[in-house]
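Notes for the one structure printed next.
The values are calculated or read from the model by the stated rules, or taken from the named source; none is laboratory data. This structure is a prediction, so every number in the text was calculated from the model and none was measured. Cβ placement follows ideal geometry from the backbone for every residue including glycine, while neighbour counts extend to all protein chains displayed. Surface accessibility is based on the protein's heavy atoms, side chains included, excluding ligands, DNA and RNA. Shrake-Rupley method; radii C 1.70, N 1.55, O 1.52, S 1.80 Å.
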Amino acid sequence: MATLQLEKITKSFGPIEVIKAVDLEVTNGEFIVFVGPSGCGKSTLLRMIAGLEEATSGTIRIDGEICNDKPPKERGIAMVFQSYALYPHKTAYQNMAFSLKLSRRPKAEIDARIRDAARILEMEHLLDRRPHQLSGGQRQRVAIGRAIVRHPKVFLFDEPLSNLDAALRVSMRREIARLHTDLQATMIYVTHDQVEAMTLADRIVVLEGGAVRQVGTPMELYHHPANLFVAGFIGSPRMNFVEGRIAHIRKGGVTVSTIDFDTVDVPLADTCCTRQGAAVTLGLRPEGFIVSATSDVGTAASVRLVEQLGDETLIEAMTAGGQSLVVKAAPSLNVAVGEPINLNMNPAELHLFDEAGQALPRASAKTG
Amino acid sequence: MIGRSILRGPRPGEAGAFLLVVIIAVAVIAAFPLFWMVLSSLKTPAESMQTPPVWFPSTPNLDAFSEVAEVIDARRSFLNSFIIATTTTAGILITSLMAGYAFAKYRFGGRDWLFALVIATMFLPPIVTLIPLYRLVTSMGFNASLVGVIVPHLANAFGIFLMRQFIAGVPDDLIDAARVDGASELRIVLSVVAPAVAPALAALALFAFVYHWNTYLWPLTVLQGNTDGYPIVLSLGRLLSYNRGAMNTGLVMAGATLAVLPPLVLFVFLQRFFVDSIVGAGVKG
């Protein structure tokens, strides 16, 4: 277990700055997930922590010690790669033993550590097999085992489940969560899959264009996204956005005028940053709509697509003004493509973003 | 049609049969001199000079082989050939692996230009570099010695090219994993990269060994009549001059048969890697 601090970390390839002054503090035993779209710099940031890429500027501290100039082996980290990166000519046992042999550990200790890791990962029967004799999930287990035997201060995972099929990804995700509970180790995990991020993380770091857009617990990010990017990125299906203008400022909220939803009252914790007439964006998650196929109250829309998932139904609807919205409805709602429905916004679920895309403080205080 | 049958494996048919005949014909033509050499070495001196030629010896005998040992110091010559071929091959494997790794996996200024320069040396005919290389070796005090024969060939542009192509195909993650595991760059080359490109290394070893076993002009130039240092290929020349009076073709053929044995045995053992890597060189990197 260890702490990790990133202070004003930047990385440039020639004139292109791919990581922009990232600050982050990770506490002992915390599970941090870096999430963001492809090319946002999350893997580069992880590789800089590992010592596989050099930071252009800034400081990396592991357990309080500056590590910028230390090679990977001296940082006390272990890394699990997306491609598993197992040595093809070595057995699972030899793969796990390689780092310990290099650090000249006694044979008995090496064996004990490998057996222990194999027991934790329930892979004792795989130790004599070479990587080509293992399935994808088994290879990933060996890769994780190779990290465990080193007793690292920090575990680094670089999209470790991306090469697995959907079912295996779910089971391996649970295993990693269990592993974190068992080992209580500091873990940094990179993924572009927000379900992995939401289910595994103590805190999520959302990155876009090499910059941190928000750091918080999964529920903080879901219920209080700091900006439009995070609001759109976290949550599946993604949040719906409706453009509007502030028509009226009152105590405890504002009234926003929109094309399709006429005027919408949005409760806010603080209205000091708003001004009448300002362009804003309303945000509402699919479950924040009240959908009716019979009532005349609300905004009329026509059904474009129906996805019945069993426990809920997702409907893609188009308003008269041409706004496409994804709404979540009860499975009992029986609508077909082309039929009309009526949509009402639940004010308690509304998010409001200013012209710069920054969230205005919500009145409701739902957190994780 | 023919192309498809090659790609998909053996298929009986007219095209396939024709192709088989062509392949057999080419193989027979290529193997005939070797076959003739072995047969002639087993003939009596009279049989080997007969016109029209005798195809098969009436009483095959090994007399010519024992005579080879009388004319030249075969043991010494084989030892010299072995020292030259193995040392040069080992040197080429090491330098090609290291340089190939650097060219394939390191990012440094001028890398591509430097690699192009290395490749360019492959196109220089050996005769062009013979005199400058000889002067260089002489200035280093290595002339008339085995060291002089070996040293200039410890690195080889083709080997570097071959290794670079194969090492480029080794995933970067594998090398990064070894770095995280605490391996030094040398350890990575030896324990991670080398096993990953083992077939290519085997092919290069075969190339290098056969080439330097058979090399004639360079040892002849450097050794300058120091017959103690002669490899078997140079010593065979003495069989030819010895033969001038006796007209004993069998003697020369026996010497040649002996000389060709070590690379032939090596080829039999390594030919699978050889074919794999030459085919692979076209699609990797």
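Please work out which one of (1) away from chain B (no Cβ under 14 Å); (2) closer than 27 Å to B:Ser184 by Cβ is the condition A:Pro88 fails and give its number.
Unmet condition: (1).
Please work out if A:Phe13 is more than 10 Å from chain B (Cβ to nearest Cβ), in contact (Cβ under 8 Å) with a residue 40 or more places away in the chain and among the aromatic types (Phe, Trp, Tyr).
It is false that A:Phe13 is more than 10 Å from chain B (Cβ to nearest Cβ), in contact (Cβ under 8 Å) with a residue 40 or more places away in the chain and among the aromatic types (Phe, Trp, Tyr).
Which of the following residues is open to solvent by 60 Å² or more (accessible area, probe 1.4 Å), farther than 14 Å from B:Ala157 by Cβ and part of a helix (DSSP H, G or I): B:Arg135, B:Arg107?
B:Arg135
Search the stretch A:216-233 for residues being in contact (Cβ under 8 Å) with a residue 60 or more places away in the chain and over 14 Å from A:Gly357 (Cα atoms), and hand back the single one that is surrounded by the fewest Cβ atoms within 10 Å (Cβ to Cβ).
Only one residue fits best here, namely A:Met219.
Can you name the residue in the stretch A:63-83 that is open to solvent by 20 Å² or more (accessible area, probe 1.4 Å) and within 14 Å of B:Asp172 (Cα to Cα) and, of all such residues, is nearest to the other protein chains (Cβ to nearest Cβ)?
Step by step, filter the stretch A:63-83, then rank; the result is A:Ser83.
Yes/no matrix, rows are residues, columns are (1) surrounded by fewer than 16 Cβ atoms within 10 Å (Cβ to Cβ); (2) in contact with an Asp or Glu (Cβ under 9 Å, 6 or more places away or on another chain):
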{"residue": "B:Leu34", "(1), (2)": "yes, no"}
{"residue": "B:Ser40", "(1), (2)": "no, yes"}
{"residue": "B:Val68", "(1), (2)": "no, no"}
{"residue": "B:Ala74", "(1), (2)": "no, no"}
{"residue": "B:Phe82", "(1), (2)": "yes, no"}
{"residue": "B:Thr88", "(1), (2)": "no, no"}
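Tell me whether the stretch B:108-128 contains one or more residues that are in contact with a Pro (Cβ under 9 Å, 6 or more places away or on another chain) and either closer than 25 Å to B:Phe82 by Cβ or not hydrophobic (A, V, I, L, M, F, W, C) (or both).
Checked against the condition, which is being in contact with a Pro (Cβ under 9 Å, 6 or more places away or on another chain) and either closer than 25 Å to B:Phe82 by Cβ or not hydrophobic (A, V, I, L, M, F, W, C) (or both), the stretch B:108-128 yields no hits at all.
State all residues of the stretch A:226-263 that are of a type in the set (Val, Ile, Thr) and over 20 Å from A:Ala278 (Cβ atoms); if no residue qualifies, say none.
Hits for the stretch A:226-263 are A:Val230, A:Ile234.
May I ask you to verify whether B:Val21 is under 30 Å from B:Gly250 (Cβ atoms), modelled with pLDDT of 90 or more and either of a type in the set (Val, Ile, Thr) or part of a helix (DSSP H, G or I) (or both)?
Taking the combined requirement at face value, the residue does not satisfy it.
Among the numbered criteria (1) within 14 Å of chain B (Cβ to nearest Cβ); (2) in contact with a helix residue (DSSP H, G or I) (Cβ under 6 Å, 6 or more places away or on another chain); (3) more than 22 Å from A:Leu207 (Cα to Cα), which single criterion is violated by A:Met123?
With respect to (1) within 14 Å of chain B (Cβ to nearest Cβ); (2) in contact with a helix residue (DSSP H, G or I) (Cβ under 6 Å, 6 or more places away or on another chain); (3) more than 22 Å from A:Leu207 (Cα to Cα), A:Met123 is out only on (1).
Hey, can you tell me all the residues within the stretch B:171-189 that are open to solvent by 10 Å² or more (accessible area, probe 1.4 Å) and more than 8 Å from chain A (Cβ to nearest Cβ)?
B:Asp172, B:Ser184, B:Glu185, B:Leu186
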